[in-house]
1. What's the magnitude of the charge dipole for the stretch 144-272 around its Cα centre, counting Lys and Arg as +1 and Asp and Glu as -1 at the beta-carbon? Answer in Debye, nearest 20.
2. Which Cα, out of His186, Met149, Tyr171, lies furthest along the positive dipole direction of the stretch 147-192 (beta carbon charges, K/R +1, D/E -1)?
3. What order do you get for 112-120, 302-310, 333-341 when each peptide is scored by the mean count of other beta carbon atoms within 10 Å, highest first?
4. How large is Rg/Rh for the stretch 205-341, to two decimals, with Cα atoms and a Kirkwood Rh?
5. Below 14 Å, Cα to Cα, which aspartates and glutamates can Lys237 reach? Residues fewer than 8 away in the same chain don't count.
6. So what is the accessible area of the stretch 27-104 per residue, in Å², with the probe set to 1.4 Å?
7. Take the chain, compute every pairwise Cα distance, and split them into 20 Å bins from 0; I just need the percent in each bin.
8. In the stretch 249-280, which residues have a backbone nitrogen under 15 Å from the label point lying 7 Å from Asp294's Cα in the Cα-to-Cβ direction?
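The values are calculated or read from the model by the stated rules, or taken from the named source; none is laboratory data. Just so it is clear, the model here is predicted, and its values are computed rather than measured. All Cβ positions, glycine included, derive from the backbone under ideal geometry; neighbour counts span all protein chains shown. Just so you know, the surface numbers come from the protein's heavy atoms only, side chains and all, with ligands and any DNA or RNA stripped out. Shrake-Rupley method; radii C 1.70, N 1.55, O 1.52, S 1.80 Å.
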Amino acid sequence: MTVHIFAPPRSHGGVGAYTDDLLAHVDADVRRIPVNREWINPLRYLRAAIGARHASAAHVQYVYGMFGPKGVFTLFFLPLVFAFTRGPTIVTVHEVWQRTDADGSRLKYAYLRLVHETLVRSTDQLLFLSANAERDFLASVTRADTRIMPHGVRTERRDLSPEAAKESFGYDPDDTVITHHGFLAHRKGCDRFVDLAEAMPDYEFLLAGGSRRENLEDRLRERALANLRITGVLDDKTFEASFAASDLAVLPYRDINQSGTFNRCATYQLPVVGTRIPYFERLANEYGCVALTDADDLEETVRAILEDDERRRRLAERMTEYRNENSFTAVAAEMEAMYDA
């Protein structure tokens, strides 16, 4: 069995990192085919698609815009992969845009629906990483064969003590460090995290990540007080160290359907405060592994958890349960069964 997995490069964000983590646990002959959103020559996509004729299964780690400007080459690339692959074609949809993402434009929403219909008609199995994402997608298409798959959590972690990790970022070992991880984006509430650091000058804050849009990172740096450090884009080892250095992660997201950052917090059994969005509410209901808060009550919630050792311990225990039930080992076993169908 030979599997072609099409995915963005690791440098393009969490989907590339997710793909690497999945492949580390898949017991099959896998060829990772990087697809760069900056390609503008359709022949590059054509060659990649034709190469699927050698695959017994194809798996696309899909994110909008990965196939050229505005994702326009999606409309012919996915049908070609579907036609050339001898076995099943599987697509994992890592994000779902809705009507509201079209900014009120009927033309944009019509194009979005066309992309979604292409996903439906060019796959044997569509996978979603949360029930919320599946629901939002199904609202925009006429029919689809879908399935919810656990996102996958790494159970392996870097062997680094919290004290050494803190020192690597310039903190004292006994400092309390509150963190926000990953690529910077408005929907991830980075501005809320900056507001929180300003309201809590008695604690240290670490924004462990950078932005593809330099103006966003610059704006946040202009607002940062002395107790907030913004790292910029990190290499893998340093990014791992940011979790080991943390006493509490705060993810004040506005709207997101799944989070590799949250799963990395689970790897390190790190307590998390998250805003009341459907994704975190589901995790709180099913596992009790995230402390929910309204955006307006963020400071009050964070202070209460920092002052309650027992509550942080319980959150860490629930994180362990979530990690073990959603490990990449279990996800990879399900994927292998689909590849061999």
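1. 640
2. Of the options given, the answer is Met149.
3. Put in order of decreasing packing, that is 112-120, 333-341, 302-310.
4. 1.00
5. Glu156, Asp159
6. For the stretch 27-104, the per-residue accessible area is 48 Å².
7. Bins of 20 Å from zero give 30, 57, 14, 0 percent of pairs.
8. Inside the label zone: 275-277.
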